[in-house]
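Note sheet for the following structure.
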Amino acid sequence: MSNIIDYRLEQALASLDAVPVAKVTGRLVKVTGLMLEAVGCRLLTGQRCLVETGNGTKIEAQTVGFNREVAYLMPVSNASGLFSGAKVWPLEGESLIRIGPQWLGRVLNGLGDPLDRLGPVLGQDDISLESENINPMSRRPIDGALDVGIRAINSLLTLGKGQRIGLFAGSGVGKSVLLGMITRQTSADVVVVGLIGERGREVKEFIEHSLGPEGLARAVVIAAPADESPLMRLRASQLCHRVAEYYRDQGKDVLLLMDSLTRFAMAQREIALALGEPPATKGYPPSVFSMLPQLVERAGNSASEQGSMSAIYTVLTEGDDQQDPIADSARAILDGHVVLNRHLAEAGHYPAIDISQSISRTMPQVVSKEQLRHAMRFKQLYSRYQEVRELIPLGGYQPGNDPEMDQAVLAHPKLVAFLQQEMDEQADWETVDRQMSQLIQELNLG
């Protein structure tokens, strides 16, 4: 008899694991614009949760703040069908995304879901959106050049493997075309493209026209157009960095192109203002300027001897104002900037890179002394011509008074021809270095 009782007791104890545990749920009490307010459950900042809707579905949201017992939630996707008293289920654990080499050639959203209708995205490694900060003393120094296939950049604004640089441009000056050229022609093993906050029409056009099948084959495109929620735009920005970090840790040279850093800042501004954070500079709350370096510092080299992660961030300058607060902050935290000039674009000069306003802070570390001298000589002649450019049509410039100025005026057509490049023209590192040496020799002999 005792054996039967012991047996049944063991079965009862074993069945306890199958008994569903009660989960604490909260309820929705207020919806104001983009912000949801919930009470009745314990939610940590940054924690994910599910919110019930009137049509029986659930939407994902994230905790972005709290006030006493009230938790502030932001939906990841555009929310509709919410009602007062809707249930809120907290989700345990961090958000994991399964990734692998199969991601190359795919177009995804900020959640890692496919947008290209090519079936599910496969992978074998689980990664979190958040990554550990790298000790600055452990980072491998930048000591090698990155070929981006653009003559003006390779010769005069050379990028290093692990460098972070800004591409400053207004609207309609060839920013997307230049990014597409870099994606197709760079020597990087993997290219991660983040299209953050752009027009939905531009996503497909960039992939089909600027990127092309050749560029897409070794790229991962993560898109969050302007009609997505601000939280989705932030998630997409974090995801494209995390994907680039993953491939870097696999020992590959990775180039991250994020278009744009300004849209990332605007998304954080929407969230911060909805939370009641006071605006500071031109409507941007202080949290925006603290999040920019947190995002940018994720790029760069790690402690590993293999793999690198270079990054090019586009920065929109409203009205071509280079003193815009986001542009000014980006210049301070990046390792250089490439400025696209509207006057050059209007004159048919492509790519419209303004050499006199652009700089690469790591160029002296990754090029030879001879190439550095050639680049300095090129910039000197180019800059001297700009001093008299407006006087020449008026007859205010008289040759013979300044030999250096005379040489700059005579050399200017050759300098401009060197900087221009067709969309399908190849400009690899060795070819550009040889062309630069020949040009400087011709100008010195002349």
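The values are calculated or read from the model by the stated rules, or taken from the named source; none is laboratory data. Treat the numbers as computed from the prediction; the structure is a model and nothing was measured. Cβ coordinates were reconstructed from backbone atoms using ideal geometry, including for glycine residues, and neighbour counts include every protein chain displayed. To get the accessible areas, we keep the full protein, side chains included, count just its heavy atoms, and leave off ligands, DNA and RNA. Shrake-Rupley method; radii C 1.70, N 1.55, O 1.52, S 1.80 Å.
Say whether the condition of being in contact with a Lys or Arg (Cβ under 7 Å, 6 or more places away or on another chain) and either open to solvent by 10 Å² or more (accessible area, probe 1.4 Å) or basic (Lys, Arg) (or both) is met by at least one residue in the range 160-179.
No - not one qualifying residue is present in the range 160-179.
Which of (1) touching a helix residue (DSSP H, G or I) at 6+ places or on another chain (Cβ under 7 Å); (2) farther than 22 Å from Val64 by Cβ does Ala332 not meet, given it meets every other one?
(1)
When you check Ser356 against the structure, is it in contact with a Phe, Trp or Tyr (Cβ under 9 Å, 6 or more places away or on another chain) and either under 30 Å from Leu334 (Cα atoms) or not acidic (Asp, Glu) (or both), yes or no?
yes
Going by the structure shown, is Arg248 buried (at least 19 other Cβ atoms within 10 Å of the Cβ), over 26 Å from Ser302 (Cα atoms) and either of a type in the set (Lys, Arg) or in contact with a Leu (Cβ under 7 Å, 6 or more places away or on another chain) (or both)?
When the stated conditions are applied, Arg248 does not pass them.
Return only the number of the condition from (1) open to solvent by 20 Å² or more (accessible area, probe 1.4 Å); (2) in contact with a strand residue (DSSP E or B) (Cβ under 8 Å, 6 or more places away or on another chain) that Val88 does not satisfy.
(1)
Mind checking which helices (runs of 4 or more DSSP H) fall wholly inside the range 274-370 and carry at least 2 residues that are open to solvent by less than 30 Å² (accessible area, probe 1.4 Å) and more than 25 Å from Asp189 (Cα to Cα)?
The helices (runs of 4 or more DSSP H) meeting that bar are 286-296, 325-333.
Report yes if some residue within the range 170-178 is in the same structural domain as Asp335 (by the TED database), in contact with a Gly (Cβ under 8 Å, 6 or more places away or on another chain) and either part of a helix (DSSP H, G or I) or without any contact (Cβ under 8 Å) to a residue 12 or more places away in the chain (or both); otherwise report no.
Among the residues of the range 170-178, not one is in the same structural domain as Asp335 (by the TED database), in contact with a Gly (Cβ under 8 Å, 6 or more places away or on another chain) and either part of a helix (DSSP H, G or I) or without any contact (Cβ under 8 Å) to a residue 12 or more places away in the chain (or both), which makes the answer no.
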